[in-house]
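Heads up, the thing below is written out as structure tokens.
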Amino acid sequence: TDVFEAGSSTKIFTALLTDILVQQKKLRYTDKINDYIPETYINPRCADITIADLINHQSGMPRRPDWFGKQEKEVQNPYAHYNTEHLLSFYRDFIPEKKAFTYAHTNYALLEVIIEEATGSNLGDLMDSWIFKPLGMAQSFIDFPERKKNLVTIGYDRAGKETQPWEFESFKASEGLKISLQDMLVFLKAIMSVYPAYVLDYDFNQWQSEADYEESTNIFKGWQILDLKNYRIYSHSGKTSGHTSFVAMVPDTRTAVVIFANSSIGTEDLGIQILRMINYNWKRKAYKS
């Protein structure tokens, strides 16, 4: 039940929240993002970019905004001083080259602005209302009130020094989640039962976004999807200054692995090996509902 920083694994929660808002008809995947950007920051050069492009990392945005480092006053807390105005100013001046896959935290930072504009609520409250509370995830939160600071387990950097939890002026939808392993398992069970249409029932060929870093990997609604020996593996990983996360599942066999560490060293390889083992070296039969 210890609480860890999820880092980039936050994106799978933001993608689910977006899907819920689409079902509630508050958003559409085909909506142009300029429709939700404050008027003074609208960028006509980005007129063709849609919400689906942000979710699937097809907007052409950079990993982090240009000149991000100008606001990085604390090396171990990179987002503490980069606010929404900085983000929108970057967006207003951004000159896109072409729509193409680039894994970018910026996509989900902009998605946060869009979600809050469309609903009139902040991201943390929306996550509470639509995901955390309905699923009984009592040790998960986005916003970082003072009363919860001591709940996050101490993290350590590569030198073995203690780190402080990340704080966010923006980019919460990209990397701002704090969560326990127990809650993450609850979430994965829900994905494979309560919300099956979110990742399981879809036109894969229409939605997939080809990732240029791995031929057999695709992106779909926040997940990195790997097709391996007739198995479709959904995964994501994350990293902060002192924590790492790895999440993976095989919906066909109803198996999943979650590994959190209070270390900046990743756990992806270990996670995939455990997933392979509990699927009997990829010989486990598909689950029959």
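The values are calculated or read from the model by the stated rules, or taken from the named source; none is laboratory data. Bear in mind the structure is a predicted one, so any value in this text is a computation, not a measurement. All Cβ positions, glycine included, derive from the backbone under ideal geometry; neighbour counts span all protein chains shown. The accessibility values were calculated without ligands, DNA or RNA, using every heavy atom of the protein model including side chains. Shrake-Rupley method; radii C 1.70, N 1.55, O 1.52, S 1.80 Å.
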Filter the GluC sites (Glu not before Pro) in region 35-119 down to the DSSP loop ones having no more than 11 other Cβ atoms within 10 Å, then list what survives.
-> GLU97
Order GLU169, GLU175, most accessible first, counting only protein heavy atoms with a 1.4 angstrom probe.
-> GLU169, GLU175
Measure of compaction for region 16-75 (Cα Rg per 2.2 N^0.38 Å) | 1.35
Indicate the gyration tensor shape class of region 1-143 (rounded, prolate or oblate), computed on the Cα atoms with a ≥ b ≥ c the square roots of the eigenvalues: a/c under 1.5 is rounded; otherwise a/b larger than b/c is prolate and the rest oblate.
-> oblate
With all protein chains present, the chain has a carbon and sulfur share of its accessible area (1.4 Å probe) in percent of 47
Starting from the Cα gyration tensor of the chain, multiply each eigenvalue by 5, take the square root, and state the resulting semi-axes largest first in whole Å.
-> 28, 24, 18
To the nearest 0.05, what FRET efficiency results for TYR29 and LYS70 with a Förster distance of 25 Å applied to their C-beta separation?
-> 0.15
Please give the solvent-accessible surface of SER121 in Å², to the nearest 10, using a probe radius of 1.4 Å with every protein chain present.
-> 50
Given the rule -39500 (n - 2.57) for each run of at least 4 DSSP H residues, summed and divided by the residues of the chain, what is its mean residue ellipticity at 222 nm, to the nearest 500 deg cm²/dmol?
-> -8000 deg cm²/dmol
Starting from 0 in steps of 5 Å, tell me what percent of the Cα-Cα pairs of region 82-143 lands in each bin.
-> 4, 14, 20, 20, 16, 12, 8, 4, 1
For the table LYS11/LYS161; LYS73/LYS172; LYS98/LYS239; LYS26/LYS70; LYS73/LYS239, the rows whose alpha-carbon distance is greater than 25 Å are LYS11/LYS161; LYS98/LYS239; LYS26/LYS70
Cα gyration tensor shape for region 129-193, rounded if a/c is under 1.5, else prolate or oblate = prolate
Hey, can you find the accessible area per residue of the chain for me, probe 1.4 Å, expressed in square angstrom?
-> 48
